[in-house]
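The values are calculated or read from the model by the stated rules, or taken from the named source; none is laboratory data. Model, not experiment: these values are computed from the prediction. We place every Cβ from the backbone using ideal geometry, glycine too, and count neighbours over all the protein chains shown.
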Amino acid sequence: MSAVVAARRGIPDASVARLPGYLQALTNLAERGISSVSSEELASAAGVSSAKLRKDLSHLGSYGVRGVGYEVDRLAYEISTALGLTQDWPVAIVGMGNLGRALAAYSGFATRGFNVIALLDHDDALVGTPVGERSIRPMGDVEALVRTDGLAIGVIATPADSAQDVADRLVKAGVRSILNFAPCVLDVPDDVMVRKVDMSTELQILAFHEQRRTGELDLVTKTEVEEVAL
């Protein structure tokens, strides 16, 4: 949903992907009582170059003040507005296995502009089971949630073999933004935004870099040993 809102303002996708990092850094600064920050300091806190940060923020029309930098609260508001976070987006989590329950317990949704209005599952045996302050509801409630509660974002936390069925049901009900935790690719209409969170893929990428780093260290060690032998 945030990407769609920002895209309407003509912000490139790559910049949109970095805005949440800037917002988190600004939130941390505000919590420490810091009212202004330079581009270099904010870039360092967000893990990007200052040139990239300034270019990203220029898409918001925010250029900072020479010698002062950016006002933390104002910039946080500008980014929140660009991301569509100045209102609470109704969210439903589908799939009440271990992952779904963990997501349901995550307190960060409420503090970042997302209101989890329902926990859904296909399994009738789970319907009515309490999870935190909510009870699991049947998947059949999704249409009513869209119609009466404005459900905007569906979070899929089901196994891969049922994720497409869930996506189809969400789309048919009118949901146009989906966050997919299932390890599969979803087939959805062009007007539906899907963001995929695949932890196994990320771990595999880390394994690749760890293997390369280990290989480089082994090569250095081998070279040192050869030099000593000489």
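Per-structure values
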{"quantity": "Test: Arg137 is surrounded by 14 or more Cβ atoms within 10 Å (Cβ to Cβ) and not assigned by TED's automatic domain parsing to the domain that holds Val16", "calculated": "yes"}
{"quantity": "Unmet requirement for Ala144, which otherwise passes all of (1) under 15 Å from the mean Cα position of the chain (by Cα); (2) assigned to a helix (DSSP H, G or I); (3) over 24 Å from Ile34 (Cα atoms)", "calculated": "(1)"}
{"quantity": "Residue match in segment 80-92 (condition: modelled with pLDDT under 95 and in contact with a Lys or Arg (Cβ under 8 Å, 6 or more places away or on another chain))", "calculated": "yes"}
{"quantity": "Selection status of Val127, in contact with a strand residue (DSSP E or B) (Cβ under 6 Å, 6 or more places away or on another chain), buried (at least 17 other Cβ atoms within 10 Å of the Cβ) and outside the structural domain of Ser15 (by TED's automatic domain parsing)", "calculated": "yes"}
{"quantity": "Some residue of segment 141-155 being more than 14 Å from Val91 (Cβ to Cβ), of a type in the set (Val, Ile, Thr), in contact (Cβ under 8 Å) with a residue 24 or more places away in the chain and buried (at least 17 other Cβ atoms within 10 Å of the Cβ)", "calculated": "no"}
{"quantity": "Elements of type helices (runs of 4 or more DSSP H) contained in segment 18-133, each with 1 or more residues being without any contact (Cβ under 8 Å) to a residue 24 or more places away in the chain, within 20 Å of the chain's Cα centre (by Cα) and more than 22 Å from Val146 (Cα to Cα)", "calculated": "39-46, 72-82, 98-104, 108-111"}
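Matching residues to (1) surrounded by fewer than 20 Cβ atoms within 10 Å (Cβ to Cβ); (2) of a type in the set (S, T, N, Q); (3) closer than 26 Å to Asn180 by Cβ; (4) out of contact with any Asp or Glu (no Cβ under 6 Å at 6 or more places or on another chain):
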position	(1), (2), (3), (4)
Gly47	yes, no, yes, yes
Leu53	no, no, no, yes
Tyr77	yes, no, no, yes
Pro90	yes, no, yes, no
Ala102	yes, no, yes, yes
Leu119	no, no, yes, yes
His122	yes, no, yes, yes
